[in-house]
C-alpha cells in the first residue's frame, strides 16, 4: 500500500507506517508493506491518473497504490 499525505495533517511517515501495521493485525492486510510519502504545500507530485504533476495543498490523503495477492 502506498499513500501520499499532506504535511498539514501533522503526522510523520514513520508514525503512519507503524500505525497501519497494528491496524492491519488480524485482517486480510496483515503483513502488508506500507509506504507513506509526506508532501509539503507547493511540492509537486503526480496523483494517480493525472497526466502531469500538480502542486500539493498540504491536506492530501491519497491511496496511490493498493496491491494484494489472490
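Each value in this text was obtained by applying a stated rule to the coordinates, not by laboratory testing. Just so it is clear, the structure is predicted and the values come from calculations on it, not from any experiment. Quick reminder, even Gly has a Cβ in these numbers, built from the backbone with ideal geometry, and neighbours come from all protein chains shown.
A compact table of results
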read-out	value
Strands (runs of 3 or more DSSP E) (entirely within region 2-70) containing at least 2 residues that are in contact (Cβ under 8 Å) with a residue 40 or more places away in the chain and in contact with a strand residue (DSSP E or B) (Cβ under 9 Å, 6 or more places away or on another chain)	2-6, 61-65
Qualifying positions in region 47-57 - surrounded by 10 or more Cβ atoms within 10 Å (Cβ to Cβ) and over 13 Å from the mean Cα position of the chain (by Cα)	53, 54, 55, 56, 57
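One line per residue, one yes/no per condition, for (1) under 14 Å from residue 62 (Cβ atoms); (2) surrounded by 12 or more Cβ atoms within 10 Å (Cβ to Cβ):
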| residue | (1), (2) |
| --- | --- |
| 2 | yes, yes |
| 7 | yes, yes |
| 14 | no, no |
| 17 | no, yes |
| 20 | no, yes |
| 24 | no, yes |
| 28 | no, no |
| 36 | yes, yes |
| 41 | no, yes |
